[in-house]
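Please treat every number below as a calculation from the coordinates, not as lab data. Computed from a predicted model, the values in this text were never measured in an experiment. As a convention, Cβ positions derive from the backbone with ideal geometry for all residues, glycine included, and neighbour counts pool all protein chains shown.
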Amino acid sequence: MPLFGTKTKSPQELVKSLKENLALLPNLKEKEYKKVSEEVSKTLQSIKTLLYGTADQEPATEQVAMLSTEMYQSNTLPLLIQNLARVDFEGRKDVVAIFNNLLRRQIGTRTPTEEYICLNHSVLIELVKGYENQEIALNCGMMLRECCRFESLAKILLNAPEFYKFFEYVEVSTFDIASDAFSTFKELLTKHKMLSAEFLEHNYDEVFMHYQSLLNSDNYVTRRQALKLLGELLLDRHNFSTMNRYISNPENLKLMMNMLREKSRNIQFEAFHVFKIFVANPNKPRPILDILLRNKEKLVDFLTRFHTERSEDEQFNDEKSYLIKQIKELRAPEEGES
Amino acid sequence: MEEEELVPGSDLFQDEIAFDQEELIDLNPMDIFDDDGDLHDLVIHRFESDQVVYQPHRHKVKLIGKYLMGEILGEGSYGKVKEVLDTETLCRRAVKILKRRKLRKIPNGEQNVQREIQLLKRLHHRNVIQLKDVMYNEEKQKMYIIMEYCASELQEMLESVPSKKFPIWQAHGYFCQLIDGLEYLHSHGIVHKDIKPGNLLVTNDETLKITDLGVAEALDIFANSDECRTSQGSPAFQPPEIANGLNTFSGFKVDVWSSGVTLYNITTGKYPFEGDNIYKLFENIGKGVYTIPDDVSELLADLLKGMLAYESDVRYTLQQIRQHPWFIKQHPRVLERVLIPPRQDDPEDILRSMTVIGCLSAMHYGNDEAGQEEDIAMVSDYQNAISGQDAVCANHDHEELKGNSGQNIVVDNEHSQASATAPQANGKSKSKKNSKSKFSSCKQS
């Protein structure tokens, strides 16, 4: 029993107080708002201590179990995310800590918070929308990436219409938010290989229509990151059919050829790693072959002078000479054969 | 035994002259011999071998490029693995020293090494060993492959305990990392083909690293399937389709099978299939009949059955493994962790501390003893080089005196070799400028 201060609240009381105060927040005027907001932060801190324990005290399993059950039953999680912007700075950090702790909680083979969110998609959607508010964007990003660890949650996120909002978020003018959004975006597309492979295959048109805008972005960072991720996605064996589809479209080839001539050498270099797949493809469709044939001389000439200072990079040089050889040997198919 | 770091005789002294400071500095205190023309006879005639081996441990300072050499970590069929310190970043590393002469004797040896380097350069994952640098010494016909430092390997840890297995929770931790690493390899179209506890390294912070891609196969990015035709992996870990000699088989499912045998092995201490010789073993694998010990939990048994399914079509995929309850389950930490065993040559050193420390202090403060003693110590180094032991190692190996008896003979052998190399060595010193290119460092992109 502590000598000073009030008796510690039970998990149920903590969640109840949190829920009630959160519900009040949207309709309060300044002075009262401040009071309730402080109360919320205090409660969040207690909850966090309960979950994480202190330096000399481990968290008590029973208390943690009671708290989580109460959180699910009272539906406090969605409320917490909805009102995140109304919580003060330290309080938001505590929300992230609490949310991620609950999400990681595991009983045997079960992860109850994951199961809860699967039934309450709104939590995920709210988190995605959090990117629209500068104040809470990074907090939401941290929680989203924790969600991405679960295949079931990643699946919900990928298949939600809100997923396409990421194509806007990665381009926002605030650099740290754009990069945070990009890392979440990348996580979603690469973490669960089979899941994202299926997603890309089934939503090819829509995804790549949006993706095109990233590759054409005015923002250098976006363009470069998007191009790099594109190369990674196409070269991942799980995305085999997506790659085949991508490299059969002459528009994509034209885009890459233009990017090879971009001002930025870094972009040129990343473009090379996508361009090489078009050329190396042993079964080039006619339109692709036609473009390559039409530009044969120019391409050979261009590639010969392309990034010659990278003499240390054996792999790059091997690939480059391979491409030059391939292009030199290109022949138009006999008439009637195609 | 063969000489390791030092080519007999003259080379020791030529190093100082021939190697550019930046590229290889051999700080062995041999300067006084520099003016001496005919060293080999002098040294060999003056000292008996038994006089020199008993010298106290001396740290010989040897730099290969920017890497300061430490002690031997292990020995493979291709050559030794030593601990090194990157003197620029102060990172602990391991170097695999390969000798072309040895490689030639192994079928596909050189090819396998080149392929492994090519593959590793492209890979960056927490659970796949990271290649840091590759250096060549054309003159000595040696190749130095610098990699991440790992404290131990699963096999060594298993052998250090009587039960030859890990507690379930510890095995689970390694297995999850193995699947992560394997998924990464597969996503890059690489079939490892030799997954086994001996090829899984562990760092001090318990991170597992898949190593030895010597027999791995990179699929063509346009290949429709993961069909493979050859396998050179370890027999006990091969699936029925290989044991039965099928012409083609799914590569990824081979890795799943060997991971299954690995999981079986690290959780039970046994192998699902055994045999007195490779024919018997393959016969047993080919039949596909095995038993799972009774004390294996139902969940684990179910996962093992899925991974060791006879037909590769129904064998689990990595995704199925990930979704399996045993994989997802949090296993209670009931039994004590199996620790990384102490170094064999120093049972006191339970933490496997850095072995380059001595060399480091020798490099910066020099060796304390002076005068006469130093002379002998130097010769001791030299003898070690001749007798074919690695100087650093031999100095340290107090218990390994068995090399002693045969030393005279060895010296004789090496004597002729030393004389034979002498003219060549003299030539070297003249072409001092050319030697700059001896170490061509190839950085990863």
Counting only residues 5 or more places away or on other chains, whose amide H sits under 5 Å from the amide H of B:Ile64 once H atoms are built in the peptide plane?
B:Met69
Based solely on C-alpha atoms, express the radius of gyration and the Dmax of region A:111-213 in angstrom.
13.0, 39
So, R0 is 25 Å and r is the distance between the beta-carbons of A:Lys165 and A:Tyr220; what FRET efficiency does that work out to, to 0.05?
0.70
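Would you list B:Glu75, A:Glu329, B:Glu139 from fewest to most Cβ contacts within 10 Å? Provide the component values of the computation, followed by the final result.
Values: B:Glu75 11, A:Glu329 8, B:Glu139 16.
Arranged by neighbour count, lowest to highest, B:Glu75, A:Glu329, B:Glu139 become A:Glu329, B:Glu75, B:Glu139.
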Equivalent ellipsoid dimensions for region A:31-107 as semi-axes, Å, which come from the Cα gyration tensor, largest first:
22, 15, 11
If a/c stays under 1.5 just call it rounded; otherwise compare a/b with b/c (prolate if a/b is bigger, oblate if not). Do that for region B:294-358, with a ≥ b ≥ c from the square roots of the Cα gyration tensor eigenvalues.
prolate
Residue-ordered couplings for region A:240-253, obtained by feeding phi - 60° into the Karplus form 6.51 cos²θ - 1.76 cosθ + 1.60 and rounding to whole Hz (Gly and Pro as x), are 3, 6, 5, 4, 4, 5, 4, 7, 9, 9, x, 4, 5, 5
Do me a favour and compute the ellipsoid semi-axes for region B:156-200 from its Cα gyration tensor, root of five times each eigenvalue, largest one first, whole Å.
24, 13, 5
What is the packing order of peptides A:283-296, A:219-232, taking the mean over residues of other C-beta atoms within 10 Å and listing the highest first?
A:219-232, A:283-296
For a test of the definition: using alpha carbon positions, the gyration tensor, and the 1.5 limit on a/c, classify region B:62-148 as rounded, prolate or oblate.
oblate
Among B:Val338, A:Val95, which comes first, then next, by fewest other beta-carbon atoms within 10 Å?
B:Val338, A:Val95
If you take the beta carbon distance between B:Ser160 and A:Ser10 as r and set R0 to 56 Å, what does 1/(1 + (r/R0)^6) give as a FRET efficiency, to the nearest 0.05?
0.70
Using the Cα gyration tensor of region A:184-338, with a ≥ b ≥ c the square roots of its eigenvalues, what is the shape: rounded (a/c below 1.5), prolate (a/b larger than b/c) or oblate (neither)?
oblate
In Å and on Cα atoms, what radius of gyration and Dmax does chain A show?
26.2, 95
Could you sort the peptides B:147-154, A:297-304 by per-residue average Cβ neighbour count (10 Å cutoff), highest mean leading?
B:147-154, A:297-304
As a footprinting exposure proxy, order A:Met209, B:Met354 by other Cβ within 10 Å, with the fewest listed first.
A:Met209, B:Met354
Per residue, the convex hull enclosing the Cα atoms of region B:141-262 spans a volume in Å³ of 142 Å³
R0 = 30 Å: FRET efficiency of B:Gln114 with B:Asn224, Cβ-based, nearest 0.05?
0.65
In whole Hz, the Karplus estimates of ³J(HN,Hα) for region B:223-233 (6.51, -1.76, 1.60; θ = phi - 60°; x where Gly or Pro) are 5, 5, 10, 9, 5, 10, 10, 10, 8, 10, x
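Please report the orientation-averaged projected area of region B:178-238, defined via the convex hull of its C-alpha atoms, in nm².
4.6 nm²
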State the extension gain, in nm to one decimal, for the chain segment bounded by A:Lys35 and A:Glu297, taking 0.36 nm per residue of separation less the distance between their alpha-carbons.
86.9 nm
Counting pairwise Cα distances across region B:187-328, what percent come out greater than 25 angstrom?
25 percent
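When the convex hull of the C-alpha atoms of region A:39-184 is computed, what volume per residue in Å³ does it have?
It comes to 112 Å³ per residue, whole-number rounded.
Given the rule -39500 (n - 2.57) for each run of at least 4 DSSP H residues, summed and divided by the residues of chain A, what is its mean residue ellipticity at 222 nm, to the nearest 500 deg cm²/dmol?
-21500 deg cm²/dmol
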